[in-house]
1. Among the numbered criteria (1) touching a Ser or Thr at 6+ places or on another chain (Cβ under 9 Å); (2) not in a loop (DSSP other than H, G, I, E, B), which single criterion is violated by Ser11?
2. Name every residue in the stretch 19-44 that is surrounded by fewer than 16 Cβ atoms within 10 Å (Cβ to Cβ) and not β-branched (Val, Ile, Thr), in order of residue number.
3. Exactly one condition in (1) touching a Leu at 6+ places or on another chain (Cβ under 6 Å); (2) in contact (Cβ under 8 Å) with a residue 40 or more places away in the chain is not met by Gly50; state its number.
4. For the structure I just gave you, tell me whether Val74 is outside any strand (DSSP E or B) and touching a Leu at 6+ places or on another chain (Cβ under 8 Å).
5. Could you say whether any residue in the stretch 46-63 is within 19 Å of Leu91 (Cα to Cα) and among the charged types (D, E, K, R)?
6. Can you tell me which of (1) among the β-branched types (Val, Ile, Thr); (2) under 15 Å from Leu91 (Cα atoms); (3) not in a strand (DSSP E or B) is the one Val36 doesn't meet?
7. Give Val55, Val74 a once-over and let me know the one that is over 16 Å from Lys3 (Cβ atoms) and under 12 Å from the mean Cα position of the chain (by Cα).
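Derivation of every value follows stated rules applied to the coordinates shown; laboratory data play no part. Nothing here was measured: the structure is a model prediction, and the numbers come from that model. Using ideal geometry, Cβ is built from the backbone for each residue, glycine included, and neighbour counts are taken over all protein chains shown.
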Amino acid sequence: MSKVRAHLFISGRVQGVFYRDSMRRKAIEYQVFGWVRNLPDGRVEAILEGDSSQVDKIIEWCKKGPPYAQVDRVESYIEPYRGVFHDFKILY
């Protein structure tokens, strides 16, 4: 499988709805590494690294998010794979 890195920006009602923790749990489930954080403008930002099929699953999940989220938009940018992460963290 090919490895990929994706840089995401998620817009909508995505803060205060357990989006980051839910994303961390999905990333662990799919063995995807990286981080997720809230941005001051109300969006959520994430970096994902892993097998392309598993990263794609996380990106698809991001379009819906956890139960109380209302996702308006997911911007996804594919970047060169770096392999620098060994877990998935919530950044504050």
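1. All conditions are met except number (1).
2. Initially, the stretch 19-44 is screened for residues surrounded by fewer than 16 Cβ atoms within 10 Å (Cβ to Cβ), giving 21, 25, 28-29, 31, 37, 39-42.
If the condition is that a residue be surrounded by fewer than 16 Cβ atoms within 10 Å (Cβ to Cβ) and not β-branched (Val, Ile, Thr), then Asp21, Arg25, Glu29, Gln31, Arg37, Leu39, Pro40, Asp41, Gly42 are the ones that fit.
3. (1)
4. Numbers: outside any strand (DSSP E or B): no; touching a Leu at 6+ places or on another chain (Cβ under 8 Å): yes.
No.
5. yes
6. Of everything listed in (1) among the β-branched types (Val, Ile, Thr); (2) under 15 Å from Leu91 (Cα atoms); (3) not in a strand (DSSP E or B), Val36 misses just condition (3).
7. Working: Val55 fails: over 16 Å from Lys3 (Cβ atoms).
The match here is Val74.
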